[in-house]
Each structure stands twice: as structure tokens, then as C-alpha cells.
Amino acid sequence: MLDLLIKNATLPDGRKDISVAVQGGRIAEVTAGLSAPAHETVDAQGMLLSPPFVDPHFHMDATLSYGLPRVNQSGTLLEGIALWGELKPLLTMEALVERALAYCDWAVAKGLLAIRSHVDTSDPSLLPVQALLDVKKRVAPYIDLQLVAFPQDGVLRTKGGIDSLTRALDLGVDVVGGIPHFERTMADGAASVKLLCELAAERGKLVDMHCDESDDPLSRHIETLAYEAQRLGLQGRVNGSHCTSMHSMDNYYVSKLLPLIAESGVSVIANPLINITLQGRHDTYPKRRGMTRVPELMAAGVNVAFGHDCVMDPWYGMGSGDMLEVAHMGLHVAQMTSQAGIRACFDAVTANAAKVMHLPGYGIDAGCDASFVLLQARDTVEAIRLRATRLKVWKSGKLLAQSPATAVQLHLPGRSSQVSFLR
Ligand code: FE2
């Protein structure tokens, strides 16, 4: 007897009428039209069954703090960093944990079950680190929370920055972070990349750096990151986040850079909602979009994922943990409006993001973890178009969340009384 059988589902790769059999928290079988006795059988009615959404770039220590102690007036990255600096002395363990747990509730409701969060290590007290390590433990039954030691104020620019970051790793933080474009000089930025990659290689850690988050066409830290990944044998273990300067770089230089990134096995995370909001703020018109070159990176063979980055914090006042909103913005900003382009944007918030995080057992295949989200949409394109309702969310075969299907009652003469937006 199976624990759970989901019948008549469509999968992200387009296969239809698929049954997924679950036993002991794992997928026992994925096959067309299977009928077998199960404790619970769910008829997906042809709707899309996806592995859970994955957010590979977030700041959970800052989330849901919008307006504290004041709102970002200029809307720039630099005012956001200054504002976060004003908020830091006011943070408490209780408030950090409460806000992070509240966000994790939102995430589950949206089918988002894996999050990589950067956590600020600049303050020697490591209060945000301790709070998020506690949250990581508490949410472990339902969210894979991976933490990145993130020296927000610059690992070299901050007195004792490397000591604090190293202590965060000692406490159990998973990934080495960095912010080379915020160091005092380009040379210091490059030195920080080298230092942090060496630290990661020494300790067997993954690397994820905020890299070139500016409109400066001459910012070159992604080049250094790719070089260090190759030199230290870290292929497949290093990620460059944002890489917005690539938007403004000279095309000839980019034609050399893309193969270098691909060869080094460095993945790239764009954060469409935040990049379109924060970049180009010093431009008049035309205003740059600021997002990195997503389709070109993908075409070069680089694994590209999308992150949410911020929800209601000093940098961004919007958001609800909805990775379909992220994919929706991503495809608009990158002009990835072909069917293949839209499907690639769905992958950017699911499979590609899981690959960045090295999530084990991710996917809908026999032997994988039985974690899914059932969407009120017939395929991935429709899911993004509608930011579709998450009908059911399962983690390891257990139901975590459910929402009623969206249906609107119409009162129009000569028309059907119900509208669902499905086509
Ligand atoms: Fe970020």
C-alpha cells in the first residue's frame, strides 16, 4: 500500500497523465496512468505538479523590516546598505527570529521549500547569524535553509571582518560569501575574492558572492571569481550573485568573459525584481535595466538561477515569497518571451536554483524526495502567466499547505457565470 498517489498530473517537462507514487517520504515511481492502492489518492486533474520552488538568493536577516527605522528615500543600493547599518544596532534575537519564521510561513504557502539566505557577519556579535542558525533548526522539517556568511560592509573594509566571517563558519554557516564591489578599491575587491575562495577551498565550503552589483562597466570581480574557482579546483561549487555590471560591459569584453565563466563552472544568480529596481538609478534616460545577461549566459552553458533577494526590507518594499513573481519579472526584463525562454525562467526558480544549492534528491524521479507543489495551471508557461494558485504543497510526502482553486463568480448577461483564467 502506497502512502500517497498523485494521478493525472502534468510535469514541468510537459509529460501528461503522469502518476507519482510516494512511499516513506520518497518517490517510489513516476509513470503514465498508474493505478495502485494508496492511503491517499489525489487527482491532479491535468494540473502542473512541480518540484518545490527554490530561492537561491535571499536576505532573511533583513526581511519584513520595511520602514524600520525609516524608508529608503533614494531607492538606491547604497542608501539601503546605510539604512541596514542604522537598523543593525536595534536588532534583537527575538525580532529577527519572529520575522524570519513569519517569512518561512509565507514561503511554505507559496510552495517555496528551499532558501539560500545570506546572513550579515559584519558585526562581531554575530547576532543575525545566531538568530538564523536557530531558525534553520526550527524550520528544518519543512524548509531547507542554507546560510551564507555575508560580510555586508566588506570583509577587508570592516575591521575584524575576516575573523567574524570565519567564526560564523565555525558556528555552522554553510557557504562563504563576499561583496568585492563594496571594498575600498578594485584591487581590494579582487584580494577579497582570492582570500574568500581560498578559505572556502581550505574548509570544503561552497562560495556565493555578491559580485559586481553596480552599473560600473569596468567592475571585473566576476572575472576574478571565475579565475579563482578554476585555480582552486572549485568548479561547480562557486556562484556569482547579481553580476549586474555585466549589463553595462563592453560587448567585446563580454564575448571573452562568457566562455571563461562557463569553463570555470561558476553559476550565476540574477535577482530580477531587485536588479530592475536598484540599478540604473544614476541614469537619466534611457535608463539601464541593470540585470545581468541571462539568455547569453544560458546559451554559453552557464547554470543561471533567479533569486528573490529581498522582501519588505531596506532595499525593497514589495514581495510575498512568490518565486513565480520573480520568474515573471525575469522573463520580462530579459525579454525571454519565447516558449522556450519562459520555460527556462521556470527552471531558473526550480531546477537551476536547486543545482546552485547542491540540494540532494531534488526533482520528480524515482528515488527523489517526495516534495512537490500542485499548481492551478496546465503547464509552466501558464503557471508564470497567472502566478498560479498553489493548490497543495507537500514535503517528503506530507501535506504542508493547501489553497482553494481561484474561481471568480461573474454576473454578466449571456456569459458563463465562472471564470478561471486557464486557457
Ligand atoms: Fe543580495
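The values are calculated or read from the model by the stated rules, or taken from the named source; none is laboratory data. All of these numbers come straight from a predicted model, not from anything done at the bench. Virtual Cβ from ideal backbone geometry, glycine too; neighbours counted across all protein chains shown. Keep in mind that these areas ignore ligands, DNA and RNA; they rest on the heavy atoms of the full protein, side chains included. Shrake-Rupley method; radii C 1.70, N 1.55, O 1.52, S 1.80 Å.
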Being part of a strand (DSSP E or B) and within 15 Å of the ligand (Cβ to nearest atom) is the filter; apply it to segment 296-321 and report the residue that is surrounded by the most Cβ atoms within 10 Å (Cβ to Cβ).
-> Phe306
Residue under evaluation Ser255, criteria (1) more than 22 Å from the chain's Cα centre (by Cα); (2) outside any helix (DSSP H, G or I); (3) small (Gly, Ala, Ser), criterion not met = (2)
Does segment 141-156 hold any residues that are within 13 Å of the ligand (Cβ to nearest atom) and touching a Phe, Trp or Tyr at 6+ places or on another chain (Cβ under 8 Å), and which are they?
-> Gln152
So Lys137, is it away from the ligand (no atom under 16 Å from the Cβ) and either in contact (Cβ under 8 Å) with a residue 12 or more places away in the chain or under 20 Å from His57 (Cα atoms) (or both) = yes
Restricting to segment 238-295, what's the tally of residues that are within 16 Å of the ligand (Cβ to nearest atom), touching a Lys or Arg at 6+ places or on another chain (Cβ under 7 Å) and either of a type in the set (Val, Ile, Thr) or at positive phi (or both)?
-> 1
List the number of the failed condition for Val207; all other conditions in (1) surrounded by fewer than 20 Cβ atoms within 10 Å (Cβ to Cβ); (2) assigned to a strand (DSSP E or B) hold.
-> (1)
Within segment 258-275, the residues that are hydrophobic (A, V, I, L, M, F, W, C) and open to solvent by 40 Å² or more (accessible area, probe 1.4 Å) are Leu260
Can you find even one residue in segment 222-233 that is under 22 Å from Asp347 (Cα atoms) and either in a loop (DSSP other than H, G, I, E, B) or over 19 Å from the mean Cα position of the chain (by Cα) (or both)?
-> no
Filter segment 226-257 for residues that are free of Cβ contacts under 8 Å to residues at least 12 places away in the same chain and of a type outside the set (D, E, K, R); the one that is least open to solvent (accessible area, probe 1.4 Å) is Tyr253
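Quick check on segment 62-89: of everything there that is among the polar types (S, T, N, Q) and farther than 13 Å from Asp313 by Cβ, which residue is surrounded by the most Cβ atoms within 10 Å (Cβ to Cβ)?
Just the residues of segment 62-89 that are among the polar types (S, T, N, Q), to begin with: 63, 65, 72-74, 76.
Filter once more, so that each one left must be farther than 13 Å from Asp313 by Cβ: 73-74, 76.
Values: Gln73: 8, Ser74: 11, Thr76: 16.
The qualifying residue surrounded by the most Cβ atoms within 10 Å (Cβ to Cβ) is Thr76.
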Options Val254, Val238: the member that is assigned by TED's automatic domain parsing to the domain that holds Gln146 and farther than 30 Å from Arg203 by Cβ = Val254
From the list Ala383, Ala327, Ala351, Ala334, which residue is touching a residue at least 60 places away in the same chain (Cβ under 8 Å), among the small types (Gly, Ala, Ser) and open to solvent by less than 10 Å² (accessible area, probe 1.4 Å)?
-> Ala383
Could you say whether any residue in segment 185-202 is under 22 Å from the mean Cα position of the chain (by Cα), assigned by TED's automatic domain parsing to the domain that holds Cys243, surrounded by fewer than 23 Cβ atoms within 10 Å (Cβ to Cβ) and at pLDDT 95 or above?
-> no
Just checking, how many residues over segment 276-295 are surrounded by fewer than 24 Cβ atoms within 10 Å (Cβ to Cβ) and assigned to a helix (DSSP H, G or I)?
-> 3
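Can you tell me which residues in segment 108-130 are among the polar types (S, T, N, Q) and farther than 22 Å from Ser320 by Cα?
Scanning segment 108-130 gives Thr121, Ser122, Ser125, Gln130.
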Quickly run through segment 25-45 and pick out the residues that are open to solvent by 20 Å² or more (accessible area, probe 1.4 Å) and either under 15 Å from the mean Cα position of the chain (by Cα) or not hydrophobic (A, V, I, L, M, F, W, C) (or both).
-> Arg26, Glu29, Thr31, Gly33, Ser35, Pro37, His39, Glu40, Thr41, Asp43, Gln45
Specify which of the listed residues (Ala327, Ala366, Ala340, Ala354) is at pLDDT 95 or above, over 28 Å from Ala100 (Cα atoms), away from the ligand (no atom under 16 Å from the Cβ) and in a helix (DSSP H, G or I).
-> Ala340
Mind telling me which of the residues Glu98, Glu79 ends up being in the same structural domain as Asp313 (by TED's automatic domain parsing), among the charged types (D, E, K, R) and modelled with pLDDT under 95?
-> Glu79
